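The values are calculated or read from the model by the stated rules, or taken from the named source; none is laboratory data. Bear in mind the structure is a predicted one, so any value in this text is a computation, not a measurement. So basically every Cβ, Gly included, is an ideal-geometry build from the backbone, and we count neighbours across all protein chains shown. Just the protein is used for accessible areas: all its heavy atoms, side chains included, with ligands, DNA and RNA removed. Shrake-Rupley method; radii C 1.70, N 1.55, O 1.52, S 1.80 Å.
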Amino acid sequence: MRDGKPTTPPRCLSKFASGVLLATNKQDITTDYLVQELRRRDVPFLRLNTEDLPKTVVTFAEADALTGTIKVRGVAHDLASFGSGYYRRPERPEPGENGASEARAYAVQEWSAAARSLWNALEGRWLNSPFAILRAEDKPRQLAVARACGLRVPPTAIGNEIDSAQSLLAAHECVIKPLRRALVEDPSGPGQVIFTSKLANLREEDRVAFEAVPVIVQAQIPKRRDLRVTVVDWIAIAVAIHSQAHEETRVDWRRGERTDLLHERIDLPDAVASACVAVVHNLNLRFAAIDLVEDRDGSFWFLEANPNGQWAWLERVEGVAIAATIVDALIR
């Protein structure tokens, strides 16, 4: 498989008339790219911003949820009419401000349950299934799948046992990063992003703090550059991120928010591209944003796969057309 060129031919494209459901939130700029592409191709779609779910009317058939409907802005949409769906970034439903806080909390739970019923109704048509996303976010599982698919994986310790982390640190230079969430929310402000950072040492006096929360400690790979590989079905679109050009981006290319950080569309070796596609399929996904590192010897190392990763900023890179590739998959 050449990067971006599947060796397995896709199913034939037929005239697509049943529509696409885009499940996301009002602030999601990434979905705006899909909306633009769907309109360009004259493909019918419904963008469902889930904060506004309480403003809709939903009906689920007693015998078959697939025959249910959702009415948005007075227009009823048959759930069975959606040929596919893109599960992007739904947010919690937001009932009206009126009423007691207990009643609002109850309404949020009920509307959240209705949302899950909507997702279930489209099972088998999602890119990606929200239920597959939950399982695929398991970092230990990702590393095991990547190894099984033939990708190199750095020596890693996951959890809150300091002894394992100390043993890894004794053998390698290491980095430390969150197990799942890289943002500490602050109700009074924007919150704090937790970047991947170099781990200098772990002492006995660090035991209590280390055991407070599970983390990922991983051997640090001497980088030539970082890569973001966006996989959509059989297609792997690779972008090299020249993170080593700047001091603040060498460990984590997101740090510093440099606008001059060079991104470059590249072709992966066939074996690496095929392995990335295999990782996504073995996680029961159709889409993922995979982070790789290319070391100074030209070998590629798997770091993680984000089953709902960002990609809109890559559209500015010459030769990258992720929105068009996703729409191809949605109407396939």
Normalise the Debye intensity by I(0) for the range 263-332, one equal point scatterer per Cα, no solvent, then take log10 at q = 0.18 Å⁻¹ and round to two decimals. -0.83
Compactness index (Cα Rg / 2.2 N^0.38 Å), the chain: 1.09
Going highest first, how would you order 87-94, 224-231, 322-329 by mean Cβ packing within 10 Å? 224-231, 322-329, 87-94
Which whole-number value in Å² is the accessible area per residue of the chain, probe 1.4 Å? 51 Å²
Which peptide among 237-249, 309-321 comes first, and what is the full order, when sorted by highest mean count of other Cβ atoms within 10 Å? 237-249, 309-321
What 222 nm value per residue comes from the helices of the chain, counting each DSSP H run with n ≥ 4 as -39,500 (n - 2.57) and dividing by all residues, nearest 500 deg cm²/dmol? -8000 deg cm²/dmol
Any chance you could count the Lys pairs in the chain whose alpha carbons are under 20 Å apart, treating pairs 8 or more apart or on different chains as valid? 8
Amide H proximity to ASN306 below 5 Å, modelled H, separation 5+ or other chain, gives ALA289, ILE290, ASP291
If amide H atoms are built 1.01 Å from N in the plane of the peptide, which residues on other chains or at least 5 residues away come under 5 Å of the amide H of ASN160? VAL215
Leaving ligands, DNA and RNA out of it, report the carbon-plus-sulfur percent of the accessible area of the chain at a 1.4 Å probe. 50 percent
So the compactness index of the range 129-174, its C-alpha Rg divided by 2.2 N^0.38 Å, takes the value 1.41
Going 7 Å from the Cα of TRP313 along its beta-carbon direction, which residues of the range 265-283 have the amide nitrogen within less than 19 Å of the resulting point? 265-266
